[in-house]
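For reference, the structure is listed below as structure tokens.
Each reported figure results from applying straightforward, stated rules to the coordinates on display, with no laboratory input. Here the structure is a predicted model, which means the values were calculated and not measured. Here the Cβ positions follow ideal geometry from the backbone for every residue, glycine too, while neighbour counts run over all protein chains shown.
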Amino acid sequence: MDEFRLIDAIHHAVRGPADPRVRIGIGDDAALLAVQSGQVVVTTDALVEGVHFRFDLCRPADVGWKAAAVNLSDIAAMGARPLALLAAIEVPAALPERAVVAAMRELARAGAAHGAPVVGGNVSAGPLFVMTVTALGEPVNGRVLTRSGARAGDIVLSGGFLGSGSLGLDLLGSHTEWTRRFPTLARAYRRPEAQVGLGLGLAALPGVHALIDVSDGLVADIGHVCAASGVGALLDAERIPVHPEARRYARLTGRDALDAALSGGDDYRLLAVAEPSTAPLCEALGMTAIGSITARRGVAVTSAGVRVMVAGAGGWRHR
């Protein structure tokens, strides 16, 4: 299939119901979107074969889903509503066109689940399969949440289980025969869910001061909040939510489930910082209080009231 036939096949694969916000979509030199708020939230991220995924661990459809999810998670971390997706893909000659179409179809499916149609992109040749996705969103009521608003005395809350993504990668890479035994871990790595609804709910609470998604590990990402806000954080190891499958898998393999929660990446759970009076409202949205913000810089972890870890540069790093 040549380039233009492939583009046509992708166009048919990602086509969805008409969206009134999309005035011009795929098929022209650029898209035209109608944005009521007058502001646009923009993020971009790439999934690179051999760095972020391997085809022996994931299907092409999984790659497409995850490419959408990691970008939509960044939109959620701003407390914004998704608007649209664009995808620039690099396709190696040896990759079958059906794999490319499957990845793009699932990208569109994941975007559509959050009201973000695919409105454009680009196709080029390359040595590896790469999906670079740009996600657009818009603030609700003019408010966006950032990393820089945390204050001493605030509560740190997690939007779900941590460590499942990195243990899922370990499972798929080292114990593929156990995939059916630990389906939650496998899915956490292959098909993370962007917490868009939670982000919108948090943006509606004035007492929420900062928000980030956990993509590089809990310690690293709360560290980003602390650095941006000029504060520190104290995390309670006993309160960090770890999925029962993660605990069972860790016991069987000699892994440390808590270490995976603290330092593993690929979770894409939202991490909120809120004033104490707002924390119960965050918990009502499904979040778990796991620590507090301190005036003393740095990130520390306690267990049974004893400081067990003073964090440096934890978390995933590309270099």
- [ ] Kindly give Rg over Rh for region 155-311, based on alpha-carbon atoms, with the Kirkwood expression for the hydrodynamic radius.
- [x] 0.98
Task: Crossing angle, helix 244-253 versus the chain [Cα axis fit, 0-90 degrees, rounded to tens] - done: 90 degrees
Open item on the list: Using a Förster radius of 30 Å, what is the FRET efficiency between Val35 and Arg151 based on their Cβ-Cβ separation? Nearest 0.05, please.
Closed with: 0.45
- [ ] Would you be so kind as to identify which of Leu162, Thr43, Cys58 lies farthest towards the positive end of the dipole of the chain, taking Lys and Arg as +1 and Asp and Glu as -1 on Cβ and the Cα centre as origin?
- [x] Leu162
Open item on the list: Running a GNM on the chain with Cα contacts under 10 Å, which residue among Val208, Val14, Val91 ends up with the highest mean-square fluctuation?
Closed with: Val91
Task: Per-pair calculated FRET efficiency, R0 = 22 Å: Asp28 and Glu3 via Cβ, rounded to 0.05 - done: 0.80
Open item on the list: Charges at C-beta only: +1 for Lys and Arg, -1 for Asp and Glu. How large is the resulting dipole of the chain about its Cα centre, in Debye rounded to 20?
Closed with: 580 debye
TODO: Using a 10 Å cut-off on Cβ atoms, rank the peptides 197-206, 247-256 from the highest mean neighbour count down.
DONE: 197-206, 247-256
- [ ] Determine the equivalent ellipsoid of the chain by diagonalising the alpha-carbon gyration tensor, then write out the semi-axes as square roots of 5 times the eigenvalues, largest first, rounded to whole Å.
- [x] 34, 25, 15
TODO: Report the residue, chosen from Gly265, Gly291, Gly142, that carries the largest GNM mean-square fluctuation when the chain is represented by alpha-carbon nodes joined by springs under 10 Å.
DONE: Gly142
Open item on the list: Tell me the angle of helix 218-229 to the major Cα principal axis of the chain, expressed in degrees between 0 and 90 and rounded to the nearest ten.
Closed with: 80 degrees
Open item on the list: Between 0 and 90 degrees, rounded to the nearest ten: what's the tilt of helix 60-76 against the longest Cα principal axis of the chain?
Closed with: 50 degrees
- [ ] Quick one: compute the contact order of the chain, relative version, from alpha carbon pairs under 8 angstrom and 6+ residues apart, as a percent.
- [x] 22 percent
